[in-house]
Amino acid sequence: MTDAVDDKIRCDACPVMCYIRPGLTGACDRYANEDGKLVRVDPHVLLDRTISQGGPISAFAKDSELWSGELVKQPFVTAIGAGTTYPDYKPAPFIVSSQVDGVDMVTVVTEGIYSYCGVKLKIDTDRHLGPECATVRADGEPVGHITTGEYGSQMLSLGGVNHLTHGGKKEGRVTCETLLNLSNGKPVELTVDGGASVVVEAGKAPIINGGLEQRMRVGCGSATIGMFARQWFGKVDEVVVVDDHITGVLSEHQAGKLIGARDTGIKMKGRRSTPGRYFHVAEPGTGWGGTNVRDPLDIVAGFNPKVAWPGMTLLMVSTTGEQHAFYRLDEALRPIEAELPDNLKESVERITENCEPALCTVLFMAGAGGSLRAGVTENPVRLTRSVRESLTTVTAGGAPVYVWPGGGITFMVDVSLLPRNAFGYVPTPAIVAPIEFTLRLEDYAALGGHVEEARPLEEVVRRHAERTTNVFVNGAIPRAGRRAS
Ligand code: SF4
């Protein structure tokens, strides 16, 4: 708190600098005026990693009547609910010293305010969500774009400083809200310009154009041919695995050659890449194998009469096995659909069986800026170097992060590893996310850390216990009672 005006107090935890009346919260709902004191509304989270990760735990003095039920463990002080210092030349809210295996350690925690942040979404589906670079919208506002697809997944990049700061006020607000909801494990509906609508929720199956996506494909069309060639051999003359990227044709494919599959004279549309592997057999879409095809014969250009023969059999199947069709060539070498023989049913079912459940994965990505680092040390570049040299471990709400090589401390974290509601926001707009730096005390001193601000872990835990706000969580963080605002 910096100022008091009448009975209002001024919050200085972010650039908004709210004046807050008694009993009310500031604009972000994170800070409140409680009897003239500025308090962080949400409980500060001390995490027991063993419990949170589902690891084995042993009761101390098991079966002893003296055992109170408390587990002997050293909690990890996360930044969730720790609060923010602004501007960040001030020391971080919690600098906690402890001993681990006889080594003096320090954990510096703060809730970072990130204007440079976003989420990377991996949506397990072959269905075409939209062209690369197409704008992705939430509530009609542009919040990101489709980026390059990955194996069995469509990728979206949302947020980033441009959507947060360069667009209109509503664009920034909706972008912030979208990032916040996705990071806190809530569902968000997105629409793609010229593409699909998709409901995305971390750890859940995507809902595309109203339909629940059940399966992630077993592989590309070529890989599927390779995996199942032996199971088809002798039961069917030709197999085509329909895939928007690489459609596989058994008789031409290396796998078919190796097991002795006979040439069938099938002619495919699209561009032949290598034998039995065809690119661009149709346009992308939400039909068979991520193409726009509803009738799989649309991608077959015909049969060479010198090679094909009447009665020849053809199985066409998608990369998830959800769509399949069986044909027999008539006297004029026209494919006539027939019932799938029993001896092929198992192979089709096996494709489906080998598909993993389709999920949405949300990675939060942000850059720990110069000012945030100043809350850790008076010489911020040394913190960056320390992270680079693996002397400092970075976590987000206790979850491991991936720090990008190169300059700065740009990290990504799987939001499903954090307790729910670990993320917040401020209306600048920016996302508030926990970040912790853990290193040896001597290294912390060497990089110019605020050593004099360090408090022993026991003291932090005791003070939490006194205020009964500490929580050891495995799931969602309980929200403190909201004050009317
Ligand atoms: S938005 Fe929140 S953090 Fe920022 S000044 Fe207002 S109450 Fe404080």
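Are there GluC sites (Glu not before Pro) in region 336-415 that DSSP puts in a loop and that have at most 15 other Cβ atoms within 10 Å, and which ones?
Glu339, Glu378, Glu389
Report, in whole Å, the centroid distance computed from the Cα atoms of region 303-360 and region 274-300.
14
Step by step: find N for region 221-353, compute 2.2 N^0.38 Å, then divide the Cα radius of gyration by it. What's the final number? Spell out each step's value before the answer.
Values: Rg = 13.2 Å, N = 133, 2.2 N^0.38 = 14.1 Å.
Expressed relative to 2.2 N^0.38 Å, the Cα Rg reads 0.93.
Write down the percent of antiparallel bridges among all DSSP beta bridges whose residues are both part of the chain, to the nearest 5.
Working: 100 of 109 bridges.
Of all bridge pairs located within the chain, approximately 90 percent are antiparallel.
Could you give each residue of region 383-390 its phi-based ³J(HN,Hα) in whole Hz, using Karplus coefficients 6.51, -1.76, 1.60 with θ = phi - 60°, and x for Gly or Pro?
Values, residue by residue: 5, 4, 5, 5, 5, 4, 8, 6 Hz.
Name the residue farthest towards the positive end of the dipole of region 117-216 from the options Met216, Pro131, Gly185, assuming +1 on Cβ of Lys and Arg, -1 on Cβ of Asp and Glu, about the Cα centre.
The residue sitting most towards the positive pole is Gly185.
Leaving out ligands and nucleic acids, note down the accessible area per residue over region 221-353 with a 1.4 angstrom probe, in whole Å².
46
Limiting things to C-alpha atoms, what are the Rg and the maximum Cα-Cα separation (Dmax) for region 236-280, in angstroms?
9.7, 27
Which residues' amide hydrogens lie under 5 Å from the amide hydrogen of Tyr425, considering only partners 5 or more residues apart or on another chain, with H built in the peptide plane?
When sequence neighbours closer than 5 places are left aside, the close amide H contacts are Val432.
Can you tell me the dipole magnitude for region 221-353 around its Cα centre, using point charges on the Cβ only (Lys, Arg +1; Asp, Glu -1), in Debye to the nearest 20?
560
What is the Cα centroid distance between region 158-215 and region 408-468, reported in whole angstrom?
What the calculation gives is 27 Å, centre to centre.
For the chain, find the longest principal axis of its Cα atoms and tell me its angle to the long axis of helix 342-353, 0 to 90°, nearest 10.
20
Treat each spin label as a single point 7 Å out from the Cα along the C-beta direction, and report the Glu459 to Lys186 distance in nm.
3.8
With the dipole of region 96-140 worked out from charges on the C-beta (+1 for Lys and Arg, -1 for Asp and Glu) around the Cα centre, which of Val100, Gly140, Tyr116 lies farthest toward the positive end?
So the residue furthest toward the plus end is Gly140.
Explain nothing, just the number: relative contact order of the chain, from Cα pairs under 8 Å at least 6 residues apart, as a whole percent.
Numbers: 1152 pairs, mean separation 97.7, N = 485.
Here the relative contact order equals 20 percent.
Roughly how big is region 117-216's charge dipole about its Cα centre, with Cβ charges of +1 (Lys, Arg) and -1 (Asp, Glu), in debye to the nearest 20?
200
Per DSSP H run of at least 4 residues, take -39500 (n - 2.57); add these up for the chain, divide by its residues and hand me the 222 nm value, nearest 500 deg cm²/dmol.
My calculation for the chain gives -4500 deg cm²/dmol from helical runs alone.
I'd like the carbon and sulfur percentage of the solvent accessible area for the chain, probe radius 1.4 Å, heavy atoms only, ligands and nucleic acids excluded.
50
Could you report the accessible area of Arg350 in Å², rounded to 10, computed with a 1.4 Å probe on the protein chains as they sit in the structure?
Per-residue accessible area (Arg350): approximately 80 Å².
Could you give the length gained by full extension between Glu322 and Asn304, i.e. 0.36 nm per residue of separation minus their alpha carbon distance, to one decimal place?
3.6 nm
Tell me, what is a quarter of the convex hull surface for the C-alpha atoms of region 117-216, in nm² with one decimal?
Across all orientations, region 117-216 yields a mean hull projection of 5.6 nm².
Order 184-193, 402-411 from most to least packed using the mean count of other Cβ atoms within 10 Å. Mind dumping the intermediate values first?
Values: 184-193: 18.2, 402-411: 14.9.
Per-residue Cβ counts within 10 Å, averaged per peptide and sorted highest first, yield 184-193, 402-411.
With the other protein chains left in place, how much accessible area per residue, in square angstrom, belongs to region 117-216 at a 1.4 angstrom probe?
Per-residue value: 41 Å².
Take the Cα gyration tensor of the chain, multiply each eigenvalue by 5, square-root it, and list the three semi-axes largest first, rounded to whole angstrom.
55, 25, 20
Provide the net charge surrounding His128, with neighbours chosen by a C-beta distance below 11 Å and charges set as Lys +1, Arg +1, Asp -1, Glu -1.
Its environment carries a net charge of -3.
How large is the accessible surface per residue of region 406-460, computed with a 1.4 Å probe and reported in Å² as a whole number?
37
Let me make sure I get this right: for region 170-226, a, b and c are the square roots of the gyration tensor eigenvalues over alpha carbons, sorted descending. Under 1.5 in a/c it's rounded, otherwise prolate if a/b > b/c, else oblate. Which is it?
prolate
Once the dipole of the chain is set up with Lys and Arg at +1 and Asp and Glu at -1 on Cβ about the Cα centre, which of Leu372, Ser347, Gly302 lies farthest towards its positive end?
About the Cα centre, the residue reaching furthest to the positive side is Gly302.
The values are calculated or read from the model by the stated rules, or taken from the named source; none is laboratory data. Not measured: the values here are computed from a predicted model. Every residue, glycine among them, receives a Cβ derived from its backbone with ideal geometry; neighbour counts consider all protein chains shown. Just the protein is used for accessible areas: all its heavy atoms, side chains included, with ligands, DNA and RNA removed. Shrake-Rupley method; radii C 1.70, N 1.55, O 1.52, S 1.80 Å.
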